[in-house]
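Remarks on the structure that follows.
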Amino acid sequence: MRVEKVSLLKFIDHWVGGPICIALSCFNRLCHPSYKRHLSIPREALPPRHILIIKFFGLGSITLASALISNIRKTYKDSKIIFLTFKDNVPILEILSLADEILVIDTKNPFILLGSIWRTIFYCHSQKIDIAMDIEFYSKFSTIMSFLSGAPLRMGFYLARFWRDSLVNVPIYFNYSRHILEIYGMFAGALLIEAQDFYPKEVSISEDKRKELSGFLKTLNVPDLENTIGLNIHASDVALCRRWPLPKFVALAEQFLTEYSQWKIILTGVKSEKAYAREFLSLLPSQWHSRVIDLTGEITLEQFLALVSQVPLFITNDTGPFHLAKAVGTRTISLWGPGSVDLYGPYQKEKDSHDVIYKRYPCSPCLYVYRTDPGFFCGQKAPCMEAIGPMDVMVIIEQRLSKP
């Protein structure tokens, strides 16, 4: 999803979604004068027949939500899980098998958007949703969809605002000092699920996908991935200030290719990031181009997972591919600044295989909703990312590649 579209959706969410939320809140209070909130789902409402889970933004967040959904499935085996999201997120939901059914909001144009919203609301009412679980971060649109789903019990992050407090009747505490996996665990706790596994679902890659990728790589003169590292220079359009500056990525690539003369680098990314990858290659001296394979926009999500599962090391900004690499068990080095390592970084035992570089500027993290806008205090210059040097990364590369 392009930056312009993300900005437009945020603008609409705030200026259009706000008044709609207030109107729905007034309507709900008038229709239910004795409106009541619950700190957990009442026992008489369990087990639920249909659970609607709503998450629109964040490939990484959806990947991490697999732990929550796995815990729900283990406890409520007969419950039908319906996932509501944007069209771009459907592939990862299918790969992770996170839902029995996926409902899509298509943002292609206003008419298609309104049509998909209407169909979703109609379908939810026909299914008689028992619980709507909004795991989006204070989005007015997700709050509206949760309410209009017709679910009598609506879970979502607590916010002391009339527009939200009147529509979310099972509030969940968003504790910024905890890891997101533990925060998601609070949803499971409110569903009276006691035994929880906080770790996300591991992704297994089929042999067919590995062979498919291998055949494609051989056409690019890459017989195997044993002496190859993955490099993700991108970040999602939600916050581009999470990108480590290109000149630093270039300097890292030069130093790595010099010290590891038999190794190659594979660039990963989606089609919309192709121009940014070309810019990286234009800055890299031509002598190294034969050892850098640019797969940006050239492979599917499943092929990307097959690729990352086979490289010894994956270097990335704080963004969705970091979480996907963790999900397939690949060692990572991740670069952080605007985002919070404590909230989204490696969790507990994951720290043994996943190295984080984070300079902790006074204004960092600045990414998360209802704190501040990403990069607001630095004019999107992200000195927290500028402060990371190529040698900071090379030291860890040398440590990791020296271990089996």
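The values are calculated or read from the model by the stated rules, or taken from the named source; none is laboratory data. No experiment lies behind these values; they were computed from the predicted model shown. Methodologically, a virtual Cβ is constructed for each residue, glycine included, from the backbone with ideal geometry; neighbour enumeration extends over all protein chains shown.
General remarks:
- The one condition from (1) of a type outside the set (Asp, Glu); (2) in contact with a strand residue (DSSP E or B) (Cβ under 8 Å, 6 or more places away or on another chain); (3) closer than 30 Å to residue 294 by Cβ that residue 213 does not meet is (2).
- Among the residues of region 144-163, the ones that are closer than 20 Å to residue 14 by Cα and assigned to a loop (DSSP other than H, G, I, E, B) come to 4 in all.
- Helices (runs of 4 or more DSSP H) completely within region 287-375 that count 2 or more residues being touching a Ser or Thr at 6+ places or on another chain (Cβ under 8 Å) and closer than 17 Å to residue 202 by Cβ: 301-310, 320-327
- Any hit, region 137-146, residues being in the same structural domain as residue 8 (by TED's automatic domain parsing), out of contact with any helix residue (DSSP H, G or I) (no Cβ under 8 Å at 6 or more places or on another chain), at pLDDT below 95 and not aliphatic (A, V, I, L, M): yes
- Conditions (1) assigned to a helix (DSSP H, G or I); (2) touching a Phe, Trp or Tyr at 6+ places or on another chain (Cβ under 8 Å): number failed by residue 399: (2)
- Breaking point among (1) under 20 Å from the mean Cα position of the chain (by Cα); (2) surrounded by 18 or more Cβ atoms within 10 Å (Cβ to Cβ), for residue 361: (1)
- Single residue of region 1-31 satisfying the filter (part of a loop (DSSP other than H, G, I, E, B) and over 17 Å from residue 144 (Cβ atoms)) that is farthest from the chain's Cα centre (by Cα): 2
- Within region 98-155, considering residues that are among the hydroxyl-bearing types (Ser, Thr, Tyr) and free of Cβ contacts under 8 Å to residues at least 40 places away in the same chain, the one farthest from residue 192 (Cα to Cα): 116
- In region 184-194, the residues that are at negative phi and touching a residue at least 24 places away in the same chain (Cβ under 8 Å): 184, 185, 187, 188, 189, 190, 191, 193
This table checks each residue for (1) surrounded by fewer than 16 Cβ atoms within 10 Å (Cβ to Cβ); (2) under 25 Å from residue 193 (Cα atoms).
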site	(1), (2)
21	no, no
27	yes, no
64	no, yes
70	no, yes
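- Test for residue 392: is it of a type outside the set (Ser, Thr, Tyr), in a helix (DSSP H, G or I) and surrounded by fewer than 19 Cβ atoms within 10 Å (Cβ to Cβ): yes
Here's the yes/no breakdown for (1) closer than 19 Å to residue 230 by Cβ; (2) at pLDDT 90 or above; (3) touching a Gly at 6+ places or on another chain (Cβ under 7 Å); (4) assigned by TED's automatic domain parsing to the domain that holds residue 252:
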site	(1), (2), (3), (4)
288	yes, yes, no, yes
292	yes, yes, no, yes
342	no, yes, no, yes
348	no, yes, no, yes
367	no, no, yes, yes
378	no, no, no, yes
387	no, yes, no, yes
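- Residue within region 155-171 that is over 23 Å from residue 21 (Cβ atoms) and either hydrophobic (A, V, I, L, M, F, W, C) or under 20 Å from the mean Cα position of the chain (by Cα) (or both) present: no
- Subset of region 187-220 that is assigned to a helix (DSSP H, G or I) and aromatic (Phe, Trp, Tyr) - its residue that is nearest to residue 174 (Cα to Cα): 187
- Where a residue in region 269-284 is closer than 11 Å to residue 234 by Cα and its partner, wherever it lies, is in a helix (DSSP H, G or I) and of a type in the set (Val, Ile, Thr), with Cβ under 7 Å and at least six apart: 280/250
- For region 54-64, filtered to residues that are at pLDDT below 95 and outside any helix (DSSP H, G or I), the residue that is nearest to residue 242 (Cα to Cα) is 58.
- Filtered residues of region 275-300 (kept if within 17 Å of residue 211 (Cα to Cα) and either in contact with an Asp or Glu (Cβ under 9 Å, 6 or more places away or on another chain) or polar (S, T, N, Q) (or both)): 300
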